[in-house]
1. Check Thr85, Thr104, Thr129, Thr97 and return the single one that is modelled with pLDDT under 95 and either more than 21 Å from Leu30 (Cβ to Cβ) or under 12 Å from the mean Cα position of the chain (by Cα) (or both).
2. Quick one: which of Phe78, Phe87 is in a strand (DSSP E or B), closer than 30 Å to Thr125 by Cβ and not hydroxyl-bearing (Ser, Thr, Tyr)?
3. When the residues of region 31-53 are narrowed to those that are touching a residue at least 40 places away in the same chain (Cβ under 8 Å) and in a loop (DSSP other than H, G, I, E, B), which ends up surrounded by the most Cβ atoms within 10 Å (Cβ to Cβ)?
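The values are calculated or read from the model by the stated rules, or taken from the named source; none is laboratory data. The shown structure was predicted, so the numbers you read here are calculated from the model rather than taken from an experiment. Note that we place each Cβ from the backbone using ideal geometry, even for glycine, and neighbour counts take in every protein chain shown.
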Amino acid sequence: VCAYQPTAITGVTNDCSGKTTGETCTASALGGYSYSDDGNATTLTCLADGSFSGSLPDVTADTCATPSLGNGIASLCFGKTIGQTCFAFCVPPYIGTPAMYACTHAAGVTEITPVASAIVCTSTTTTTTVTSTSTTSTTT
C-alpha cells in the first residue's frame, strides 16, 4: 500500500487512499477551483517505495460574481476568490452594522454569502428595511 499520500495542494483532491504498487489514482480540482492553462485531472501511480509518481494538476480558485446586496448597501466584495472575505456596509441615508461575507462554493454554485448574518440596513428617512440576498454564478 502506498503509505505516502500525494502532497496536499489547496483546491486539489484525490482518490489515492489504499492504492497498492502499480495502481493508479486521479488528482482533480475541487468544486470552486478550475484547472489552470487548459489543464485537466492527472493520473498518479503508486510506486514500490510507497510514494506516488506523476504530477498534481495546477488549479486556481474561482472568482465570485460581485454581489448586488440591495438598496442602501455597498460592499468591498468584488474580485473575491474562494475562501476570501469582504465586508458589506450601509450607505446614507441607511444605517446598520457592517457584515462579513465570503466567497464560497457549495452544490455547484460559487457565490458571496454571509459569514454569520446578512447585513440589514434601515433608512433614516423612512421605515423601510433592506435585507441582503446573495448573488450566484454557476461554474463548471
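1. None of the other options fit; the residue is Thr129.
2. It is Phe87.
3. Start the filter on region 31-53 by keeping residues that are touching a residue at least 40 places away in the same chain (Cβ under 8 Å), which leaves 31-34, 46-47, 50-52.
Checking the rest, the ones that are also in a loop (DSSP other than H, G, I, E, B) come to 31-32, 47, 50-51.
Working: Gly31: 15, Gly32: 21, Leu47: 14, Gly50: 12, Ser51: 14.
Per the stated criteria, the residue is Gly32.
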